[in-house]
Amino acid sequence: MCGIVGYIGNKQACEIILKGLKRLEYRGYDSAGVALLNGDLRVYKKQGKVLDLEESLNGKNIEGTIGMGHTRWATHGEPNDKNAHPHQSPTGDLSVIHNGIIENYATLKEGLLQRGHTFKSDTDTEVLIHLIEDIMKNANLSLQDAVRAALSQVVGAYAIVILSKNHPEHLIAARKGSPLVVGIGTDRGEFFLASDATPIVEYTNQVIYIKDGEIAIIENKELTIKTIDNVIQTPYIQELEMNLEQLEKGGYPHFMLKEIYEQPKSIFDSFRGRIDGRTGNINMRSVRDYQEKLSKVNRLILIGCGTSWHAGLVAEYLFEDLARVPVEVEYASEFRYRNPVIYPDDLIISISQSGETADTLAAMELAKQKGATVFGVCNVVGSSIPRLSHGGAYTHAGPEIGVASTKAFTAQVTVLTLYALAMAKQRETLSSSRIKQLVKEMEAIPKKVEQALKLNDKIYKIAELYKDAKNFLYLGRGYNFPVALEGALKLKEISYIHAEGYPAAEMKHGPIALIDEEMPVVVIATNNEHYEKLVSNIQEVKARKGKVIAIVTEGNTGLNELADHVIEVPETENCLSPIINTIPLQLLSYHIAVMRECNVDQPRNLAKSVTVE
Ligand code: M6R
């Protein structure tokens, strides 16, 4: 999604902004631009990467200690130079960058066209800056008041930053539905603005997350936060947890690979301090705080999108199996528009890496309006989802930069397992000794993931054989059906190979028609009650000459003759096996994508956090 960076202070803004935009590249984008204020207001923008923009700035005047930059992920209007941000007002005195969608832009544009405005781009954003200048002129309002007046006419989502040639010490920003963070610099009057904290972290760890409906005004070295109705707010200054090292590749060729290899640590961090294998204790603050509510919960509704939805599917098995609570798992985008039936004794768990996914946020808001208690399981500290939740838990996986989610998924599954175990304890659906056994095994998972990562060379060789496949099928059952879905998603999003995940038993109800000697089929066949049935499914694939890549439990040689490739992963409890079984699938997608020369960390058309509908 679009990325925003702003700077006001004593340093040269352009360098800080370009560096910040590079840090935001992981969000996904197709063009970039900057606006710099130094007597006049200069705007430079370009389709392509930040590097293309940087090269185009050679020889240009880039002086100025106030400025803003943007990476655009096209929504309204194709990706090209003219649609790139910043956009300017008719006089060129004002400039804006925007993340979000102005849903009523056509109506607003119509009014402006009737008043003689002409537009240079196809974007909704240009309409907004025209509207602000139009209001300033016709209603004779100050910039600040005109911004508030214009925003009160806007339907949709936005995070915006505005520069004005006639207000050289000024920077105005506002948010509704799209994220925006202010960093407080070390020099007096130095402030940073960004879509998330990654461009800010190397300058300061003091940040303020702007809330929906708030406007930040930086004027004469002071920051004021107001509501759109002009009520002054007391900002809450937060200390950032992330550090610069976490945002760099650390010797790995791609963030995705680094993040895959970080999993022994990120999984450990997600349960650190929350479980104790010696006693079987599970210590989740939200479970303590909502003890009474949880004891009465009759149904869990898990919501998320993409990989986070897959984590929800794994959790469906966990909560039903361990805690005997009925569970529904919903795509946030469907849930929010379905007028769902929600009872007061439902608990909604909203799962998200970024904490900013627009559909997930809207689904949570709906659930809250209907009186439900909402928990968030989220990775990004201070993001919108945890702030909107009644309770919940951070996954503590550290910043995930690769667009394809890897360590965030295993951390989500880990935290959801802890919730399931805590509820099992509370409801006495498992004996204390069984809980202790599972907690102990959870503590052993990071080491087992480390072992699974040693399969890398073998998986690389398998990737070489199938890198040119046109399709892939992933099969799993029970706890590992969502793992099959996740494996297929990982492959398609980064390698652009069409892939489907299926519950293995469903194969004969349709997908089996696709199987021929060209079709690689990844079967997750680790030891559990479904194993024999999965062997039958493998037989069915082989009878049609499909190529089988089987993930089996270490020591199982039963498939050596039947499958084309056997990948042995460490043994664990069935309910914890999704965490381990995901690892070889992540590595397989990664290697195939690299071999196909795909942009692994920033796959085409994809955004890291989807902050628009
Ligand atoms: O930040 P979130 O977890 O809410 O994001 C949800 C999805 O957009 C995300 O998981 C997406 O599917 C990833 N590209 C998957 O790798």
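The values are calculated or read from the model by the stated rules, or taken from the named source; none is laboratory data. These figures come from a predicted structure and were not determined experimentally. Cβ sites come from the backbone with ideal geometry, for glycine too, and all protein chains shown count toward neighbours. We work out accessible area using only protein heavy atoms, side chains counted, and drop any ligands, DNA or RNA first. Shrake-Rupley method; radii C 1.70, N 1.55, O 1.52, S 1.80 Å.
Can you tell me which condition residue 252 does not meet? The list is (1) hydroxyl-bearing (Ser, Thr, Tyr); (2) farther than 27 Å from residue 598 by Cβ; (3) modelled with pLDDT under 95, and all the others hold.
(2)
If residue 577 passes every condition in (1) open to solvent by less than 50 Å² (accessible area, probe 1.4 Å); (2) assigned to a loop (DSSP other than H, G, I, E, B); (3) of a type in the set (Gly, Ala, Ser); (4) over 16 Å from residue 403 (Cβ atoms) but one, which one does it miss?
All conditions are met except number (2).
Give the residues of segment 411-446 that are under 26 Å from the mean Cα position of the chain (by Cα), more than 16 Å from the ligand (Cβ to nearest atom) and among the hydroxyl-bearing types (Ser, Thr, Tyr), sorted by residue number.
Scanning segment 411-446 gives 417, 419.
Provide a single number: the residues in segment 569-599 that are within 15 Å of the ligand (Cβ to nearest atom) and either modelled with pLDDT under 95 or not aliphatic (A, V, I, L, M) (or both).
Going through segment 569-599 one residue at a time, the tally reaches 6.
Would you mention how many residues in segment 199-225 are closer than 14 Å to residue 151 by Cβ, open to solvent by 30 Å² or more (accessible area, probe 1.4 Å) and assigned to a strand (DSSP E or B)?
0
Go through the residues of segment 65-84 one by one and say whether even a single one is modelled with pLDDT of 95 or more, of a type in the set (Asp, Glu) and in contact with a strand residue (DSSP E or B) (Cβ under 9 Å, 6 or more places away or on another chain).
no
Can you name the residue in segment 7-45 that is under 22 Å from residue 354 (Cβ atoms) and part of a strand (DSSP E or B) and, of all such residues, is modelled with the lowest pLDDT?
31
Kindly establish whether residue 41 is of a type outside the set (Asp, Glu), more than 21 Å from residue 196 (Cβ to Cβ) and crowded, with 18+ Cβ neighbours inside 10 Å.
Values: of a type outside the set (Asp, Glu): yes; more than 21 Å from residue 196 (Cβ to Cβ): yes; crowded, with 18+ Cβ neighbours inside 10 Å: yes.
Yes, satisfied.
Residue 427 versus (1) at pLDDT below 95; (2) farther than 23 Å from residue 285 by Cα: which is the lone unmet condition?
(2)
For the subset of segment 66-77 comprising residues that are closer than 20 Å to residue 106 by Cβ and not hydrophobic (A, V, I, L, M, F, W, C), which member is surrounded by the most Cβ atoms within 10 Å (Cβ to Cβ)? Lay out the reasoning, then the answer.
Initial filter on segment 66-77 (closer than 20 Å to residue 106 by Cβ): 72, 74-77.
The next check asks that each one be not hydrophobic (A, V, I, L, M, F, W, C); those that pass are 72, 75-77.
Details: 72: 27, 75: 17, 76: 16, 77: 16.
Ranking the candidates gives 72 first.
Just one of (1) closer than 24 Å to residue 600 by Cα; (2) open to solvent by less than 30 Å² (accessible area, probe 1.4 Å) trips up residue 480, so point out which.
Result: residue 480 fails condition (1) only.
For segment 448-499, what are the residues that are more than 16 Å from the ligand (Cβ to nearest atom) and on the phi > 0 side of the Ramachandran plot?
478 - this is the single residue of segment 448-499 that is more than 16 Å from the ligand (Cβ to nearest atom) and on the phi > 0 side of the Ramachandran plot.
Just give me the residues in segment 166-186 being at pLDDT below 95 and charged (D, E, K, R), in sequence order.
Residues satisfying the conditions are 169, 176.
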